[in-house]
1. Across the stretch 78-84, in residue order, what do the Karplus-derived ³J(HN,Hα) couplings come to in whole Hz, using 6.51 cos²θ - 1.76 cosθ + 1.60 with θ = phi - 60° and x for Gly and Pro?
2. Where both residues lie in the chain, what percent of DSSP beta bridges are antiparallel, nearest 5?
3. Sorting R393, R282 on the 10 Å Cβ count, fewest up front, what's the list?
4. Suppose R0 equals 30 Å; then what is the FRET efficiency for E529 and S464 from their Cβ-Cβ distance, rounded to the nearest 0.05?
5. Checking the cross-link filter: which lysines have an alpha carbon closer than 17 Å to that of K175, excluding same-chain neighbours under 8 positions apart?
6. Starting with the highest mean, order 286-298, 326-338 by the number of other Cβ atoms within 10 Å, averaged over the residues of each peptide.
7. Going highest first, how would you order 242-253, 57-68, 451-462, 365-376 by mean Cβ packing within 10 Å?
8. Report the number of Lys pairs in the stretch 364-469 whose alpha-carbons are under 26 Å apart, with separation of 8 or more residues or on distinct chains.
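Coordinate-derived values only; no laboratory data. Everything numeric in this text was worked out from a predicted model, so none of it was measured. With ideal geometry, Cβ positions are generated from the backbone for all residues, glycine too; neighbour counts draw on all protein chains shown.
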Amino acid sequence: MSIQVIPTQAFNDQKPGTSGLRKKVTVFQQPHYLENFVQSIFDSISPPKGATLTLGGDGRFYNREAIQIILKMAAANGFGRVLVGQGGILSTPAASCIIRKYNTFGGIILSASHNPGGPDGDFGIKYNTENGGPAPEKITEAIFEQSKTIQSYKIIEAPDVPLDAIGETDLAGMKVQVIDAVTDYAELMESLFDFDAIKELLASGFKMKFDAMHAVTGPYAKAIFIDRLGAPADSVMNAIPLPDFGNGHPDPNLTYAHELVEIIYGSNAPDFGAASDGDGDRNMILGKGFFVTPSDSLALIAANAKMVKGYSKGIAGVARSMPTSGAVDMVAKSLDIPCYETPTGWKFFGNLMDADKVTLCGEESFGTGSNHVREKDGLWAVLFWLNILAIKRQSVEQIVKRHWLQFGRNVYSRHDYEDLPLDAANGVISHLREQFGSLAGKTFGHYTVKNCDDFSYTDPIDGSVSTKQGLRVLFTDGSRIVFRLSGTGTAGATLRIYLEAFEPDINKHDLDAQTLLAEMIQIALNLTELKARTGRDTPTVIT
Ligand code: VG1
Ligand code: CO
């Protein structure tokens with residue numbers, strides 16, 4: 001089996017976005033497309049000879065083919081061993097866990113996360129570094145630069161490696177070790193949470209429903225909730241991973257996880273509901289007829305961390321992405337710990353966690369996690385909630401409302417306008433920027449603009465600077481509107497409008513966020529001239 005050097009031509013569109021390179025499956029299926037990107041990764045990270053790589057994906061369409069290609073390229077590029085999840089499957093947090101536990105030279109994760117899959121859907125690939133976290137911008141930019149000038153890639157010619165049974169195969173001198181995708185991760189969870197207390201809760205008549213959305217978390221959820229925690233078999237729904245996610249959109253929010261939402265808002269609803277996304281790093285938390293915003297969930301987890309085994313010594317600090325609400329800031333203040341504000345994307349949390357500046361991190365986009373791995377972690381968040389519920393024995397709604405009583409409520413919502421024409425979306429952003437000089441001091445209804453800016457971030461650990469990370473319009477009373485274009489979509493442009501207002505008055509805590517934010521929503525529409533510029537004034541998704 002000799003190494004083949006295959007001549008290729010560079011593609012000009014292999015720039016990783018918020019989380020890796022995401023394109024339509026049909027784009028990845030073009031000859032050399034995946035190979036070019038993988039070779040660009042290897043050339044940028046220069047693995048030492050004999051290094052070990054972690055490899056797995058969320059099981060979406062094209063996962064199996066891609067795994068085989070990457071294994072053959074890893075062998076040709078001098079790797080000594082690859083740890084690959086059984087069947088080529090690893091959830092994103094499990095991959096992060098494996099990289100850290102076995103000290104591998106990073107890992108390649110195949111996923112387009114919450115984007116739909118199938119032959120006409122999306123595929124994605126990203127590289128995580130040795131700390132288990134998504135490669136920082138410095139590395140993703142180096143990969144992109146390589147991809148623009150690549151002229152050949154290396155691969156061996158060999159039959160496909162069997163991936164369905166645990167065991168080891170030799171591939172031209174490189175060991176392919178197929179590992180159980182679930183066990184290491186489940187053990188890590190058991191070390192952090194009080195499984196006995198959760199078991200008791202589940203045995204006491206408390207009912208839960210977890211929606212795996214036919215994505216990667218099905219087997220993990222079964223192993224943890226049913227086998228280890230004793231929940232009844234019907235506590236996990238859509239548990240069989242499918243390459244097209246059963247034609248669904250594996251994004252755990254009120255729109256796309258509607259099947260679960262109907263159960264949780266229906267009659268005879270369970271006490272607790274949760275869902276996760278395509279690759280298992282996102283989470284949605286629900287109580288009986290009650291939705292917990294991801295920003296509130298982060299704040300609550302921070303406020304209650306000390307009662308949970310793995311965090312009983314307290315937390316060093318917290319971090320949230322800029323558009324995430326300030327609810328966790330209030331908790332940090334009361335705990336007298338630092339709170340960092342980073343750009344959108346988990347890669348910005350890695351340095352802070354490595355330097356022990358923060359223990360917990362979160363994003364408004366249904367991402368919560370801690371320094372147990374270097375990715376956000378959907379099932380971890382669900383277990384955190386179950387552990388809190390097992391101790392407090394109050395309903396989800398009671399817990400959230402008591403939290404608001406203590407800290408006030410950061411009323412929050414995000415409006416997404418998906419699939420806008422690119423030019424129109426860029427036009428909206430430049431139109432906003434043009435107004436920035438003249439907005440300060442202007443009053444719109446109840447709100448007066450304090451200032452506006454283009455968010456930029458200087459990493460406190462390595463000093464790297466990231467600019468243009470979202471436009472902020474900040475009002476004098478502390479409320480704000482943030483505008484960003486998505487960096488994970490594969491068709492057109494998605495405009496995200498993030499709205500936040502602080503509400504200390506408990507008499508208003510029962511009101512719906514859309515009602516409380518109505519005036520700000522109108523201001524956002526006016527400032528963007530959205531209807532005139534895009535023909536749209538109704539969001540595709542409201543969270
Ligand atoms: C979105 C979210 C961001 C998240 C990213 C990856 O990015 O806003 O918070 O980190 O998805 O999540 P964007 O650029 O589309 O707004 V996932 O679950 O894809 O790994
Ligand atoms: Co995800």
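1. So the Karplus estimates, Gly and Pro as x, are x, 5, x, 7, 10, 8, 10 Hz.
2. So the antiparallel bridges in the chain amount to around 70 percent.
3. R393, R282
4. FRET efficiency, E529 to S464: 0.30.
5. K49, K72
6. Ranking the peptides 286-298, 326-338 by packing returns 286-298, 326-338.
7. 365-376, 57-68, 242-253, 451-462
8. For the stretch 364-469, the number of qualifying lysine pairs is 7.
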